[in-house]
């Protein structure tokens, strides 16, 4: 009997000690919340990131970051609403918010780039850009076509200069420099402005790149399976072309092509609706990859009118800045297009002498 009573008292003491320890832990953490399952919208359910921290707990760095991100997103939505634009982060066509632009973006409008003067590294005039030649399938910028106005006694011929040979002033889109020797121009051989060569001819293209010591543009795309140039078109021929959807409805025309000068890639096309869409005088920016330039040069866009109307726009009187990579990202997110800048598509063409960051 004595042994039984001792065992009973011992077990009772252990039970009381465990209960006291549990109560103490609960008192030490009065504000802990039980995790809730994800909502039907897929939010990871325990805590809404935009809610304030619980009473009695100091805000953490993550709380402050979440609140700042929420405020920034709200400001972006408000700004887009003021501009009559859709919020590409919330109304996009399956928008991917994960990719940011890497490096320094320099968007040059084709209408400003064509006609720009070109200088040598010492700042002396060489000539001007007469046109831009692009691969419409990849969006790669192949050549800048220059006239030299009799420079070095080479006459009035046009010359196709590999785009990566040009250096762009980050503070002035229309200031372009080129280091070129007369021997290079003589070896490259120019052409008459009324008799352009077939720039998709591999022999001609390789000779041109070799003359300037550059890698062929079609070989400079990471993971690219293209073994030779396919099609090359002049930007001046693409501008003004009608854009239709696959129901053959007219959506507008190519008003402008914005080129990422630092990567030698078409950033996006700018479409003027011409009254076909209910957007007033605004323009619409579309990733080049969404456009299908067909063999007969018909340009198709697989987007319906409602989605196009709701997409990112451009006010004719207030274009995005040359270094506005946030707008570029917005365009790609809205149309759910894989960003071209996630691949190494060539060397930098921003002048080292004028690089600011």
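How would you classify the range 231-339 from its alpha-carbon gyration tensor, with a ≥ b ≥ c the square roots of the eigenvalues: rounded for a/c under 1.5, else prolate if a/b is greater than b/c, otherwise oblate? Let's see the in-between values first.
Numbers: a/c = 1.43, a/b = 1.10, b/c = 1.30.
Because its axes are fairly even, with a/c under 1.5, the range 231-339 counts as rounded.
What ranking do 284, 114 get, fewest neighbouring Cβ atoms within 10 angstrom at the top? Walk me through the numbers before you get to the answer.
On the way: 284 27, 114 20.
Exposure proxy ranking, most exposed first: 114, 284.
Work out, step by step, the length gained on full extension between residue 201 and residue 230: first 0.36 nm times the residue separation, then minus their alpha carbon distance; give nm to one decimal.
Numbers: separation 29, 0.36 × 29 = 10.44 nm, distance 0.81 nm.
Going from the current span to full extension adds 9.6 nm.
What distance in nm separates the simple spin-label points at residue 124 and residue 183, each placed 7 Å from Cα in the Cβ direction?
Between residue 124 and residue 183, the label points sit 1.8 nm apart.
Give me the extension gain from residue 338 to residue 245: residue separation times 0.36 nm, minus the current Cα-Cα distance, reported in nm with one decimal. Could the numbers behind the result be given before it?
Working: separation 93, 0.36 × 93 = 33.48 nm, distance 2.07 nm.
Extending this stretch completely gives an extra 31.4 nm.
Testing the spin-label approximation: label points 7 Å from Cα along Cα→Cβ at residue 99 and residue 172. State their distance in nm.
With each label point 7 Å from Cα toward Cβ, the separation is 3.4 nm.
Based on other C-beta atoms within 10 Å, arrange 159, 191, 246 from fewest to most. Walk me through the intermediate numbers first.
Working: 159 23, 191 15, 246 11.
Fewest to most other Cβ atoms nearby, the residues stand as 246, 191, 159.
Just so you know, all these numbers are worked out from the coordinates, no wet-lab data involved. What you see is a predicted model, and the numbers here were worked out from it, not measured in a lab. Here Cβ is always computed from backbone atoms with ideal geometry, including for glycine, and neighbour counts include all displayed protein chains.
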